1. Taking the condition in a helix (DSSP H, G or I), free of Cβ contacts under 8 Å to residues at least 24 places away in the same chain and open to solvent by 40 Å² or more (accessible area, probe 1.4 Å), does B:ALA95 pass?
2. Counting just the residues of the stretch B:211-231 that are more than 12 Å from chain A (Cβ to nearest Cβ) and more than 25 Å from B:TRP118 (Cβ to Cβ), which one comes out least open to solvent (accessible area, probe 1.4 Å)?
3. Would you confirm whether any residue within the stretch A:210-230 is at pLDDT 95 or above, polar (S, T, N, Q) and more than 18 Å from the chain's Cα centre (by Cα)?
4. Could you look through the stretch A:246-269, keep only residues that are within 14 Å of another protein chain (Cβ to nearest Cβ) and in a strand (DSSP E or B), and pick out the one that is most open to solvent (accessible area, probe 1.4 Å)?
5. Mind listing whichever residues of the stretch A:210-234 are open to solvent by less than 50 Å² (accessible area, probe 1.4 Å), in contact (Cβ under 8 Å) with a residue 40 or more places away in the chain and over 15 Å from A:LEU153 (Cβ atoms)?
6. Might you check whether a residue that is more than 9 Å from every other protein chain (Cβ to nearest Cβ), in a loop (DSSP other than H, G, I, E, B), open to solvent by less than 60 Å² (accessible area, probe 1.4 Å) and farther than 18 Å from B:ARG92 by Cβ occurs anywhere in the stretch B:233-256?
7. A:GLY117 passes all but one of (1) more than 18 Å from the chain's Cα centre (by Cα); (2) outside any strand (DSSP E or B); (3) in contact (Cβ under 8 Å) with a residue 40 or more places away in the chain; (4) under 29 Å from B:MET201 (Cα atoms); which number fails?
8. I'm told B:ARG230 meets every condition in (1) without any contact (Cβ under 8 Å) to a residue 60 or more places away in the chain; (2) in contact with a helix residue (DSSP H, G or I) (Cβ under 8 Å, 6 or more places away or on another chain) except one. Can you identify the failing condition by its number?
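The values are calculated or read from the model by the stated rules, or taken from the named source; none is laboratory data. Keep in mind that what you see is a predicted model, and the values were worked out from it rather than measured. Every residue, glycine as well, gets a Cβ built from its backbone with ideal geometry; the counts of neighbours run over all protein chains shown. In case anyone asks, the SASA skips ligands and DNA or RNA and just uses the protein heavy atoms, side chains included. Shrake-Rupley method; radii C 1.70, N 1.55, O 1.52, S 1.80 Å.
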Amino acid sequence: MRLAPLFAAAAAILAAPALADNHGEGPALEEVLAMDLRSEDSARDRYRHPAETLRFFGVEPSMRVVEFGPGGGWYTRVLLPWIAPHGEYMAMQADTGPGEPGQPSWAERFIAASTAGGAFDADDITAFESDEIPEDLLGTVDRVLVFRSIHGLMNANAADRELRAIRSLLADDGLVGVVQHRAPEEAAYEYANGANGYMRQADVIRLFAIHGFDLVAASEINANPDDPANWEGGVWTLPPVLRYGEEDRERYEAIGESDRMTLLFRKAN
Amino acid sequence: MRVLSCLAAATMAVSTPALAAQQQQQEEEPSTGEQILRGVLDVLSGRNQQQQQQTTQPTQPAADAQAERAQTMEEVLMHPRRADDRARDAWRHPAETLAFFDVEPGMTVVDYMPATGWYSRVLIPYLGRDGNYIGLNPELHPDLTGYWDMYRGASSRIPADARDWVGQDGARVWGLNTDDDLDSFAGTADRVLIFREMHNMRRFGWLHDSMLAIRTLLKDDGLVGVVQHRARPDAPLDYTLGDNGYQRQEDVIRLFAIYGFELVAASEINANPRDPANWERGVWSLPPSYAGAAEGSRERRRRADIGESDRMTLLFRKVD
């Protein structure tokens, strides 16, 4: 059984009255998910379950929410229009080191890319790297969301540094939501060390425990039992990457995106 | 109670007949792999050349015989070169600790960050002429300079340091940084020993690369021995991230689990129940550093009575 026993406790937290809809003038999450700007994104909803996942993480549009490592902005296009009218959307990138002189910073590039289509206003986006967290944000963030980034942090020798940064952002009652490609618990370390994208759920929980987070709840929202999670080519064998191109493509598409854990942590102590 | 329940199981694992028999076999007849390794190591070090030169020169048979004979741990610990080191034996328990880690003469042992060589002056002579001592330093961020420079260029620096520490006595000495090419050393280490560096690995960003290097160097049946300043199990997390030296024992075990190691045994050899392990200035408040307690002060005497920090002593093995 994969569900943590504290699932019941989590359900209790998630069902709290504070979560009742009170969106005022902003769009409801379902309205955001149906927006035209997501016309290319929505094909992945059946694998990424954005509504269920954000509800499980207890995200409210009035909150201060940090998306860690937004990448190509798939979740940004859900979070930003939903949260900006009432709360604050922020994006944090793992420290990319000293930039090239004269080149735009990651934050500048992210804001430029996010506003390129004209759908979003740069004033609604706060973006920073983890070594440049604005001082007044420390200890104030309600949710930090980490979508499929943990293996990358491990591979880049950055997990310790970035989890410290995440902890420093979080308010005392803040929560961290994590979605991560999942290796079977019995997978060998050599496979599940991050290099193949997949990690053992127990290891992710340990990693957060070491850095001062308690598991609140685990969900199977983003599970995919059809994924054996042992591909020689790693998680990138499956959609959306499909690294082998046309070779066995039908088989990989029938399986769908990877098996994923969905974990919610709170700041311990 | 601090001793883990797996201590009993551990004792069994360490004294298991299979392991002992295997060791004996290794001592009697080095495997082909080991013979090849020694050949490779000889070439890398120029030792072949040294030995050839030695054999063509007149030698003193008595001195040679003494050098060839493995020194007992007691002889190693009583050697005059350790005159200044010995004051800390009461806190560091080198004989008991190395016995717990099952370190034997003739082994290949990796010492993570030998620094000023306190443990090197025990290990190199104890491992003896058939042993290999590998000092392993991390890759240092360019910002870490000054004091940290001594950890750079380990391949030349550690063998040179070792000559100052122990002369030509004992094991062959190698130095590596984790970003060196480790291929020729892969799978050669019987033991990797990490003395009070887990907090530095965490706070300076060395953890991941160091753990991967350790896995690479270790034989499949190799073991990792760890001594680390120990925080109380209920210490606040902000205290135990690394900056105060102290780590929660459970966190160190978790950390090794993440990197594919399981706990074989935990020992209280290096425990000090008088240490409250909550010093505002971290573990450096205690001897030998006494941070913030002036020489001759009452506070300094109080801390001298407490002694060095409370420490966990953990033994891990590689799992799949």
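1. Values: in a helix (DSSP H, G or I): yes; free of Cβ contacts under 8 Å to residues at least 24 places away in the same chain: yes; open to solvent by 40 Å² or more (accessible area, probe 1.4 Å): no.
So B:ALA95 fails the test.
2. B:LYS219
3. Scanning the stretch A:210-230 turns up at least one residue that is at pLDDT 95 or above, polar (S, T, N, Q) and more than 18 Å from the chain's Cα centre (by Cα).
4. Quick first cut of the stretch A:246-269, residues within 14 Å of another protein chain (Cβ to nearest Cβ) only: A:265-269.
Those still in the list that are in a strand (DSSP E or B) too: A:265-267.
Numbers: A:PHE265: 0, A:ARG266: 108, A:LYS267: 44 Å².
Applying the filter and picking the extreme gives A:ARG266.
5. Across the stretch A:210-234, the qualifying residues are A:GLY212, A:LEU215, A:VAL216, A:ALA217, A:ALA218, A:SER219, A:ILE221, A:ASN222, A:ALA223, A:ASN224, A:ALA229.
6. Yes: one or more hits.
7. Every condition holds for A:GLY117 apart from (4).
8. Every listed condition holds for B:ARG230 apart from (1).
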